[in-house]
Amino acid sequence: MEAFVGIDTNLERSRSDLPFKSIPAATHLFSRWFDSSPLTCALKHQRKMALHSFSSARFCTSKFPICFHLSKPSKFPLFSHRSISFEKIPTKSPPPLRSSSTQLQPMEELPPKLQEIIKLFQSVEEPKAKYEQLMFYGKNLNPLDTQFKTKENKVEGCVSQVWVRAYLDEDKNVFYQADSDSVLTKGLAALLVNGLSGRPAQEILRVPPDFAVLLGLQQSLTPSRNNGFLNMLKLMQRKALELLIEAEKGNGAYGNGQVVTDNSEKPVENSNSDSNVDENSGVRLSSQKSNEDNSSGLGSRGMRIKEKLERELSPIELEVEDVSYQHAGHAGVRGSDGETHFNVRIVSKEFEGKSLVKRHRLIYGLLDEELQTGLHALSLVAKTPSEVEAK
Amino acid sequence: MMEGVVVKLPSFPFLYPTVSPSSPNCRLGFRRFSAPLSAAVKEGSVSLGHSTRPDFPILHQKVNGSNLVYLDNAATSQKPTAVLKALQDYYETYNSNVHRGIHYLSAKATDEYELARKKVAAFINASDSTEIVFTRNATEAINLVAYSWGLSNLRPGNEIILSIAEHHSAIVPWQIVAKITGAILRFVSLDENEVPDVEELRGMISERTKLVVVHHVSNVLGSVLPIEDIVIWAHAVGAKVLVDACQSVPHMVVDVQGLDADFLVASSHKMCGPTGVGFLFGKSNLLLDMPPFLGGGEMISDVFLDHSTYAEPPSRFEAGTPAIGEAIGLGAAIDYLSGIGMQKIHDYEMELANYLYEKLCSVPNIRIYGPKPSDNIHRAALCSFNVENIHPTDLATFLDQQHGVAIRSGHHCAQPLHRHLGVNASARASLHFYNTREDVDEFIRSLDDTVSFFNSFK
């Protein structure tokens, strides 16, 4: 069924006032992020490209008001409070969907595998053969583990069910997995998975939705299918962005006291924990129906937990991970806003001389308020500095 | 019986003595007919589908390279040129705001608008045109009843009975109002024929029941409910009945006095009329006691700064400038339908319904939802179905792209029903009197092709 998880691209429901609020938000997001990023000027150049291509690709037009329901500026803790100037992006009025190729990004800028796929589809004239090709892709798609078929990974606006999962590898390339109960939709998903996987997030983010025209798939242009295909693409791009931001955060780029990630533990970078990355980034941003929570790793409860533990226990290592998505659907989660299950790893002197039970009690005591207001479970690893060194 | 007359007379469409909708003879409930299975082919005569097709310009086009076969009538119907003309005529010659104007155009528009109201009243045999309230569509009409009648009549603990097969528009407004008033919603499930369980419904009706909300014809199951009986049971405990007639008014004779329904709703766009208008029928004594729904112009009597007084029904419930042209278009649609005769339309569609069902059964691994047609059980001319291992969206997409056949796939605004049936979505083909047997044949042929295509990939 359709709970709306942040993406509201259902054409029937689009409201005219929405996109104009979102456009500033999206450009705000990008301009702020890129400005304060430690990345090089090359990226700044790419930013200009990205913003431009976004406007020309109508990424944030009236039909697709999601942009990212990520940031309301006031709640984004990672950005400093300098006054925000909105860069005026000249957006053209949306051209009709069957636009000429002059509107499209040059094909050379698309990810290489996607280019191959497009060429393949263009070489196949007969629609039936295109369907067969789609279905072939779908058939050969790697299966998606049931644990990833979560609300956060579900593509909205589809009559069929589609899930997409994203994760980063060591080189910070984005990889996707997907599944669907409809064969054609699975084919479309596979097309995107094959075309976009293994590429850096920035490249993925620059893929304009118009590219679907190049495929010559009628169905990707009809409204109902359009929704599905474009929603898939948007979800994949959004996940790529989330992963990218998470990766940035993992570099300790932001000196905000709230966010403490020890340098020796960078879950984002760690190639062993692909699923880790996905959990942290994929889950948090998109997890809930409300837009209120915008930090790219932990929600407000997660932050509070971190804060409290830091304040009270002055740990030398602290890692708080939201794994609520794994429990979606079970009794403890129902009716809450997410943020119900956390893994906490904490190394602190305060634990010296205390038994395991006492350490856990101490932590539970500190987080009592959270436990009373919806926090359902904590999985704790509590060590002393000497124990950690001794390893 | 009626049905004997229909079969035996030569069916030259507009000459043979159709029983007009308002005559007492056609108030017979649907279930008293035993529809002859496809044996009743009129040899050598032109079927209703063929004779009316020329009136519908939209049907004559190619879609994705194939001739359009439009089988999504339960979602919306097509409009005959008579209706299109009426709309154009209105806007070209006498468009003007209604009710308050003095000048010629305004008077004419008002006359035509009120005439349309009278036509609707006559069409469903309401006793007076003041019992017809024009709304935007059936959904708005139900909301009107919910917010106006519901909020002022429901108390905590009162029960509203619905079936799980109701359209969302018949469920959601009542959920909202129940939350506000403390009333309780109770749902009737399906029986072994996959029809809402009428006995269960009867058993659920008690002195706590204040309202029964039921569809006349189900847009998914194709089943028909015995409204007269339900009304009798409800009235015995003082409960009211709201009938969702969206799928019945366009396809058969509906007589609100015969049914004795308290409220009845329908949409124009499903009965060959334009979109943007629908109506609520409400018994006079009920409407008179109901507070306004939307506030604004037209529905008032006098307006002061601190309070206002309201108009009599139906104006009380028609705030603002109505969809004047569209209501007149609806009137034209009713004229068109009456010209053919609802009984005739119904009989023809019965034939088609049985034919569709029979042919669909021949598709391997198909599961059709709703009752199996028989002497006692009649199906509307629609079938929701699933083919094993093929997603309905895939079916619908392929049918459209490769064969120009338009069906619908999804939950058809009946998620609770689909949940009960254990599926996420279903495909649905729905017919109207301008469809032909050839349409059905083409549909089945295309469906077979589609199913083979997808099966070849497994």
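The values are calculated or read from the model by the stated rules, or taken from the named source; none is laboratory data. Everything numeric here is computed off the predicted structure, so don't read it as measured data. Reconstructed Cβ throughout: ideal geometry from the backbone, glycine too, with neighbour counts over all protein chains shown. Quick note on the areas: whole protein, heavy atoms, side chains included, nothing else; ligands and nucleic acids left out. Shrake-Rupley method; radii C 1.70, N 1.55, O 1.52, S 1.80 Å.
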Stokes-Einstein at 25 °C, 0.890 mPa s, Kirkwood radius from Cα pairs: D for region B:310-458 in µm² s⁻¹?
138
To two decimal places, what compactness ratio does region B:105-221 give when its Cα radius of gyration is scaled by 2.2 N^0.38 Å?
1.28
Are there any GluC sites (Glu not before Pro) in region B:314-350 that are in a DSSP loop and have at most 12 other Cβ atoms within 10 Å? List them by number.
none
Can you give the accessible area of B:His167 in Å² (nearest 10), computed on protein heavy atoms with a 1.4 Å probe?
50
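Once you have the alpha carbon radius of gyration of region B:192-241, what is it after dividing by 2.2 N^0.38 Å, with N set to its residue count?
Working it through for region B:192-241, the quotient is 1.13.
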Please state, rounded to one decimal and in Å, the Kirkwood hydrodynamic radius that region B:154-216 gives when every pair of distinct Cα atoms enters the mean of 1/r.
11.9
For region B:262-334, what does the equivalent ellipsoid look like in terms of its semi-axes, each the square root of 5 times an eigenvalue of the Cα gyration tensor, given largest first in whole Å?
26, 15, 8
For B:Ile176, A:Ile316, B:Ile340, give me the order by solvent-accessible area with a 1.4 Å probe, most accessible first, ignoring ligands, DNA and RNA.
A:Ile316, B:Ile176, B:Ile340
Can you give the Rg to Rh ratio of region A:147-212, both from alpha-carbon atoms, with Rh computed by the Kirkwood formula?
0.97
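Within region B:73-177, which trypsin sites (Lys or Arg not before Pro) sit in a loop by DSSP and count at most 14 neighbouring Cβ atoms inside 10 Å?
Passing both the DSSP loop test and the Cβ count: B:Arg100.
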Take every residue in peptide A:178-186, count the Cβ atoms of other chains within 10 Å of its Cβ, and give the average of those counts.
5
Per-residue ellipticity at 222 nm attributable to helices in chain B (runs of n ≥ 4 DSSP H, -39500 (n - 2.57) apiece, nearest 500 deg cm²/dmol) works out to -11000 deg cm²/dmol
Defining a contact as two alpha carbons under 8 Å apart and six or more residues distant in sequence, what relative contact order in percent does chain B show?
23
For region A:346-391, which GluC sites (Glu not before Pro) are in a loop by DSSP, counting at most 15 other Cβ atoms within 10 Å?
A:Glu352
Per the Kirkwood formula on distinct C-alpha pairs, the Rh of region B:337-406 is how many angstrom?
13.8
Among the listed pairs A:Lys308/B:Lys179; A:Lys149/A:Lys249; B:Lys108/B:Lys240; A:Lys308/A:Lys383; A:Lys113/A:Lys139; A:Lys151/A:Lys186, give every one whose C-alpha distance is greater than 29 Å.
A:Lys308/B:Lys179; B:Lys108/B:Lys240
From most to least accessible, 1.4 Å probe, no ligand or DNA/RNA atoms counted, B:Thr135, B:Thr93 line up as B:Thr93, B:Thr135
With the contact rule set at Cα under 8 Å and sequence spacing of 6 or more, what percent relative contact order holds for region B:390-458?
37
Looking at chain B, which longest stretch skips every one of the chymotrypsin sites (Phe, Trp or Tyr not before Pro) that is in a DSSP loop with at most 16 other Cβ atoms within 10 Å, leaving the sites themselves out?
B:15-303
Please report the relative contact order for region B:309-455, taking Cα pairs under 8 Å with a sequence separation of at least 6, and give it as a percent rounded to a whole number.
23
Alpha carbon centre of region B:350-423 versus region B:191-208: separation in Å?
25
Averaged across the residues of A:119-129, what count of C-beta atoms belonging to other chains lies within 10 Å of each residue's C-beta?
1
Need one number: the % of Cα-Cα pairs in region B:160-315 sitting beyond the 28 Å mark.
25
Dipole of region B:258-400 (Lys/Arg Cβ +1, Asp/Glu Cβ -1, origin at the Cα centre): which of B:Leu356, B:Ala380, B:Ala311 lies farthest to the positive side?
B:Leu356
Just the projected area, averaged over all directions, of the convex hull on the alpha carbon atoms of chain B: how many nm²?
23.0
Give me log10 I(q)/I(0) at q = 0.16, 0.27 Å⁻¹ for region A:124-182, Debye formula, one equal scatterer per alpha-carbon, no solvent.
-0.63, -1.10
